[in-house]
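Report on the following structure.
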Amino acid sequence: MRELVLTCPESQAEDLSDALLEAGALAVSTEDADGDTEHEQALFGEPGLEPETQAWHQNRVIALLPDGQDPAQLMAPLVAAGLAPEWSLRDVPDTDWVRLTQSQFGPIVVSDRIWIVPSWHRDDADLPAPQTEDGGIIRVELDPGLAFGTGSHPTTHLCLQWLSSHIQDGETVLDYGCGSGILAIAARMLGAGTVHAVDIDEQAVISTRQNAEANHVELQAFLPDGLPAGSSQIVVANILSNPLKVMAPMLAARVAPGGALVLSGVLERQADEVARAYAPWIDLHVWQAREGWVCLAGRHK
């Protein structure tokens, strides 16, 4: 395969990317043309928010071409639209992207009790065997698929550690923003009773159901509109601070009287602000911090 490489100013980057996709490019990416130089430009926003600037001063726009695609033919509509920057071609080496991705995601030890095992490592000889007795090792077998959540992020570890320390047998659990389903599955394996998992992304709901089946656990996964009415004894949400603040009334209402709310995806500097959003219903406190992130927990008043 080949890539078409173009250089353009900030004012053209978005239009050029859209035009390349409409002209038949398989994929388009944009990077800082001044990267790795003294003119490199930082471009980022707050977690959960898009950066104010969507491109760099000088941009390198890279379009992946279908096999056999004539680049001049693909460029023709761009020239007609007045978008005609200089361009060049480069070959893309053949890569087994699935194998490359898998090689970057190995088994993860969350605690003395919890291991996260990618499905392609399930037969590794050096992995500890699951233990059925109380307090024994549990292995959550995970295949993220198209959903967010490999279990490697500090916020996931914080939530898993809270669940491991606090779940009582038979307690009901709601995992809101379930992603790959890792928290919901772990809760069930740690002794929870009825477990509901919710995500706004249909691929995440599918991934959660598939991962639950692979781990031989029973849970129910829904899009938000499908979640039955009612409350749970534990509600856990590992998302980001802004959506957590917006959802405060709804999530608090999902916590049973005396039940626990566990939130993460929150930076240490955001903890007080998130806690204030829930103060009318639940007094949240920092349970633990890790690598600049916190896990907030509290009981329904």
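Every read-out reported here was derived from the displayed coordinates using simple, explicitly stated rules and does not represent laboratory data. Remember, predicted model here, so these are calculated numbers, not experimental data. Backbone-built Cβ (ideal geometry, glycine too); neighbour counts: all protein chains shown.
Some values worked out for this structure:
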item: Overall form of segment 189-229 per C-alpha gyration tensor (a/c, 1.5; a/b vs b/c); result: oblate
item: Most positive-pole-ward Cα, Gln73, Met1, Phe105, against dipole of the chain from beta carbon charges; result: Phe105
item: Rotationally averaged projected area of segment 221-277 (alpha carbon convex hull; nm²); result: 4.1 nm²
item: Estimated translational D of the chain in µm²/s (Stokes, Kirkwood radius over Cα pairs; 20 °C; 1.002 mPa s); result: 98 µm²/s
item: Contact order normalised by residue count of the chain, Cα under 8 Å, 6+ apart, percent; result: 13 percent
item: Kirkwood Rh and Cα Rg combined as Rg over Rh, evaluated for segment 2-94; result: 0.99
item: Dipole moment magnitude, nearest 20 debye, the chain about Cα centre, only Lys, Arg, Asp, Glu C-beta charged; result: 1380 debye
item: Dipole magnitude of segment 2-94 about its Cα centre (Cβ charges: Lys, Arg +1; Asp, Glu -1), debye to nearest 20; result: 380 debye
item: Rg to Rh, two decimals, where segment 124-233 supplies the alpha carbon set and Rh follows Kirkwood; result: 0.95
